[in-house]
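J.: This structure is in structure tokens; I'll ask about it shortly.
The values are calculated or read from the model by the stated rules, or taken from the named source; none is laboratory data. Keep in mind the model is a prediction, meaning the values are calculated, not measured. Positions of Cβ are generated from backbone atoms using ideal geometry, with glycine treated the same way; all protein chains shown enter the neighbour counts.
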Amino acid sequence: MSPLQPSTPPQTPRLFASTLDRFRTCGSTVWRGLQRPWWLALLSVALTLLLADPLVHRLDFQSHDALATWLPSRAPAHEVPRHVLVTIDDTSLQQLGPWPWPAALQARLIDRLTAAGARAIVHDVLLTTPAQDEDVLAAAVARHGQVFMPVTASHDAVSGLARTLAPGPLLQQSLAGLGHVAVQIDDDGMVRRFQPSIGPADARWRALPLVLGDTLARAGAASPPASPSSLASSLASSLASNASAANPPAMLMLPGRLPEIERHAAARVLADPALASRLKDAVVWVGLTAQGLSPVLGVPAAQPQQRLSGVEWQALVSLAHQRGQLVRPLPEWLCHVLNLLPLALLAVWQSLRPTRLRQHGLWLLPLPTLASAAVLTLTHVWMPTAALTLGIGLGLLLVRNRELRLARRALRQERGQAAATLQAITDGVLTVDPTGRMRYLNPSAERLCGQAAERLLGLSVTLALPWEADDAKTLSEALERCRTGRRVVDIGHALHLRTERGDCRVQVVVSPVFEQAAAPSALRGGDTRHRSPRDSRLPTDLGGRVIAVVLALSDVTERLAVAERLQRDATHDALTGLPNRALLSDRLQQAVLGADAGHRSVAILFIDLDRFKRINDSLGHRQGDQVLRTIAERLQRCLRAHDTLARWGGDEFVVLLEDALDREVVAARAAQMIDAVTREIRIESAETGAIDVACGCSIGIAMAPHDGLAADALLAKADTAMYRGKARGGRRFEFHASDTPAWTREWLALETRLRHALDLDTFVLHYQPQVDLRSGQVVGLEALLRWRQPDGSLWRPARFLPVTEETSLILRIGEWVVREAVSQLARWRAQGLPLVPVSVNVSTRQCLDRRLVGVVAQALAEHQIAASLLKIEVTESTAMADLGQLRSLLAELRLMGVQVSMDDFGTGFSSLSHLRAFQVDQIKIDPSFVRDISRDPNGAAIVRATIALAHGLGLPVVAEGVESEDQMTFLAEHHCDIAQGYLYAQAQDCETIAALLRERVAGGLPMSRARSLPAPTEPAPLDLLPA
């Protein structure tokens, strides 16, 4: 390397440091993971299994013993030979001599059992040294043919080598089988297991009970031991194949209730041939039970203080084997897997769903034992689960410990947050001791009280703070209820606290503090969903006495003020300050209930201002609002203190008079209000300066109970009466008349349909000809309104006009009739037909509305129709409504060239004065006089007088309702000018009338042709309207 080149720093230390950091990070991650509860439990169980902790084994044995005792024993699948014990007990030794017995005596016992017909004999006596007469014993064994003897293993004390202790060769040649009888004592001193085989790998001895069972099975004495299920069989074979030859799997016997095995002393068997005969076909076990000669074995299922001899244990194992009731344990490696795998899964699950595992963790504890019991019952395989159960318990404890640590940490945080919250919240918080003296105030409480905490601590909360007298007493009672009743007390109303800033209204909640802290849910009284927050009783086991009381003070001054304003806005009109519809409806309902009870009468006055819209449009809404406020003040001065004046909406008011004495008093009050409204009102305006305006009103009156007891119906009746008064000129009051149709649901529905009818163009005009009696020609038409229904039928005006007359619909419909009649004249003219005047009826409300003249002028000008072709028909009742208004209206119409006809002449009360006052162009005799003209002399006289009067004034006469030739003849003889009625034609549509006008070109309309005109089919009227 050149000396001028810089040396490169070595990379090895940097690489080492990087690797060390990675190991440190990985180790930290692993350590954090191991600190999780379930991973710690898994590690603990793994170490326990690795170290083969005797405690775990002992717990497994106890669990096995308990399950085997509680679970029902499986009945044998087949019949097994009877097992009988022939015991060499103390009595036999006393009678036959001490042990060991000579071979001849043992041969004699075997011969006795052979003679008795024993199926097999297990001579559970170790004969390891040859006897003098061993050949005698071997001969006895050979004579029976099914004798089995034990072998055992021993270790040489000198060489340390294992050797087998077995009978001599002579005996072995005669025996049916040899097997070991070694027992395995567990850590708790109990015997519950045995080894299927023992000995070195090249010379292994099977257990004697298994050798016996296999030999009997081959001999056909019994079927092979039945496995509990196919699952047990496959599992047992799999486990056997995986077992090591050097350490074969141990066998367990179900330690359920041990069967009672019949037993007899050897001395009695030899002495009593009859007893020996009872051993026929039995498997006889011969063995030592004398004290000191046989080991005493403890068995878990035996009764307390009960011990078994070695021969008894071997006989029980043999019986269980032949019944198929032996249990095979799982291999150790599989037990470890089954104990560790669930804990690993729980550790993973806890990281994914910690809340659910925490809620249901206790249910995991019995699951391993239940699973072991299920496997034991179904497969006769024992699965130790003590390690898994301990791991689950340890995991739950660690989880609970972790939760407690987190809870303590959260509690410390909450305490800090609570302290910060108490300093920051706007609500005042005070703590007082049981005597009522203040011990703590947060800054908000200091501001509410207007004093520093140092000056208030130690003082009484009811005396030191500036409460009003009644509120101080209320607070004192609440503190006492809280202390003695052990409950949260919410004072239902706001208390008044007088401070330097003024009167402050506070909401107070009083809560007890107990000597021992309780859970938040307990302080709330548990489940408070169905409790009142003002009386939340606490549990009585929260540590005894109340040591303090906390007062929460909420300043609700502004909130209550806003609520009061909102409440007033909800029930009062913003412009006038009067009650609105909602409050009026409530008061009216209460008043009607009182009237229903017979205590008093009630009057409802519906007021509508006259000409207010014109004033509002002319002067502006601001001045219009001033007019409404002035009128509201005037009306209020006309009423008593307990009467109600409400603004209904727009320029409408409603007055509720309670304790109304009679109609005269109500009428006087209504007249007083009309006079008050009618007085001029001075309006100050920047544009026009001061101006005086006059505004009248119309009042409709309904009274309860005379006019009904339904609040809505009374308002509707008063409204109807008001419109009737307005139709008669305004500035008057009208009482509801019983013959005035009431606004029912049917009327409201009909009104809605009528409003849509104008938009849907379902109104049509039919025309009825008017015929000159001298020439027989059509000289005029009367336009009659029809309403086409969805089913195609036509309604006449009598069925729906009463509804329109009570509303403004009559004006819109009347305008449509005028425009349509003029438009039809234009269409006939376009068809080249000769035109005749068309008469249009106008209602009283149309005559009182000044827009009628403009509507007529606009229609005539739009279609270029001569004014003489339009004739306006008015009735005498219209003249009676407003004489001056009608005279002015008719004068303007006649000035335009429109003809005017006096309809229904003779039905009013001042017909002659009307003829003198009005300038009309035609008089129409009412059909009621024409109908009985040939039978009623009085009616005929009136018709003759009317014709003479009209001719005297130079006016033509039209007779309506001509239906017979006699009537036509009478009218012609008395020089009536024009006739109209069914004799000539009913009202026809425009196409039929067009054909009729074409006939006029040919000259004349003979009566025979007139009578042949088709009559439109109209259904009989439906009684939809009230009478």
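J.: Condition (residue is at pLDDT below 90, assigned to a helix (DSSP H, G or I) and under 20 Å from residue 759 (Cβ atoms)) applied to the stretch 821-837: is it met by at least one residue?
T.: No, the stretch 821-837 contains no residue that is at pLDDT below 90, assigned to a helix (DSSP H, G or I) and under 20 Å from residue 759 (Cβ atoms).
J.: OK, next. Of everything in the stretch 800-818, what is over 20 Å from residue 721 (Cβ atoms) and either modelled with pLDDT of 95 or more or buried (at least 16 other Cβ atoms within 10 Å of the Cβ) (or both)? Give them in sequence order.
T.: Matches in the stretch 800-818: 800, 813, 814, 815, 816, 817, 818.
J.: Here's something else I'd like to know. Out of 578, 560, report the one residue that is over 23 Å from residue 428 (Cα atoms), at pLDDT 75 or above and among the hydrophobic types (A, V, I, L, M, F, W, C).
T.: Only one candidate passes the filter, namely 578.
J.: Within the stretch 178-186, can one find any residue that is at pLDDT 90 or above and within 22 Å of residue 282 (Cα to Cα)?
T.: Yes.
J.: For a quick check of your reading of the model, give me the residue pairs whose first member lies in the stretch 622-651 and is without any contact (Cβ under 8 Å) to a residue 40 or more places away in the chain, whose second is of a type in the set (A, V, I, L, M) and in a helix (DSSP H, G or I), with beta-carbon atoms closer than 7 Å and at least 6 apart or on different chains.
T.: These pairs meet every condition: 624/615; 638/673; 638/676.
J.: Among the residues of the stretch 829-846, which ones are over 60 Å from the mean Cα position of the chain (by Cα) and at negative phi?
T.: The answer is 829, 830, 831, 833, 834, 835, 836, 837, 838, 839, 840, 841.
J.: Same structure again: Collect the residues in the stretch 762-794 that are touching a residue at least 60 places away in the same chain (Cβ under 8 Å) and farther than 25 Å from residue 998 by Cβ, keeping them in residue-number order.
T.: Answer for the stretch 762-794, where residues must be touching a residue at least 60 places away in the same chain (Cβ under 8 Å) and farther than 25 Å from residue 998 by Cβ: just 793.
J.: Go through the stretch 437-471 and give me each residue that's of a type in the set (A, V, I, L, M) and either without any contact (Cβ under 8 Å) to a residue 12 or more places away in the chain or in a helix (DSSP H, G or I) (or both).
T.: 445, 448, 452, 453, 456, 463, 469
J.: What tally of residues in the stretch 448-476 results from selecting those that are within 47 Å of the chain's Cα centre (by Cα) and of a type in the set (Lys, Arg)?
T.: Count: 1.
J.: What number goes with the only condition from (1) at pLDDT 85 or above; (2) over 30 Å from residue 893 (Cβ atoms) that residue 1017 does not pass?
T.: In the conditions (1) at pLDDT 85 or above; (2) over 30 Å from residue 893 (Cβ atoms), residue 1017 misses (1) alone.
J.: Another one. Quick one: in the stretch 753-776, of everything that is in a loop (DSSP other than H, G, I, E, B) and modelled with pLDDT of 90 or more, which residue is farthest from residue 921 (Cα to Cα)?
T.: The qualifying residue farthest from residue 921 (Cα to Cα) is 762.
J.: Quick one: is residue 683 in contact with a Leu (Cβ under 7 Å, 6 or more places away or on another chain) and in the same structural domain as residue 585 (by TED's automatic domain parsing)?
T.: Yes: the conditions hold for residue 683.
J.: Please go through the stretch 694-741 and pick out each residue that is among the aliphatic types (A, V, I, L, M) and modelled with pLDDT under 85.
T.: 694, 727, 737
J.: Taking residue 846 as meeting all but one of (1) in a helix (DSSP H, G or I); (2) at pLDDT 90 or above; (3) crowded, with 16+ Cβ neighbours inside 10 Å, write down the number of the exception.
T.: Every listed condition holds for residue 846 apart from (2).
J.: Any residue in the stretch 554-572 that's in contact (Cβ under 8 Å) with a residue 40 or more places away in the chain: show its pairings with residues that are assigned to a helix (DSSP H, G or I) at Cβ separation under 7 Å, as long as the two are six or more apart or on different chains.
T.: These pairs meet every condition: 555/448.
J.: Looking at the stretch 626-643, can you tell me whether even one residue there is loosely packed, with under 15 Cβ neighbours inside 10 Å, assigned to a loop (DSSP other than H, G, I, E, B), out of contact with any Ser or Thr (no Cβ under 8 Å at 6 or more places or on another chain) and not aliphatic (A, V, I, L, M)?
T.: Taking every residue of the stretch 626-643 in turn, at least one turns out to be loosely packed, with under 15 Cβ neighbours inside 10 Å, assigned to a loop (DSSP other than H, G, I, E, B), out of contact with any Ser or Thr (no Cβ under 8 Å at 6 or more places or on another chain) and not aliphatic (A, V, I, L, M).
J.: Having 2 or more residues that are β-branched (Val, Ile, Thr) and modelled with pLDDT of 90 or more is the bar; report the strands (runs of 3 or more DSSP E) wholly within the stretch 79-163 that clear it.
T.: Of the strands (runs of 3 or more DSSP E) lying wholly inside the stretch 79-163, those with at least 2 residues that are β-branched (Val, Ile, Thr) and modelled with pLDDT of 90 or more span 83-88, 120-124.
J.: Would you tally the residues in the stretch 619-655 being farther than 22 Å from residue 696 by Cβ and either touching a strand residue (DSSP E or B) at 6+ places or on another chain (Cβ under 7 Å) or not assigned by TED's automatic domain parsing to the domain that holds residue 588 (or both)?
T.: 2
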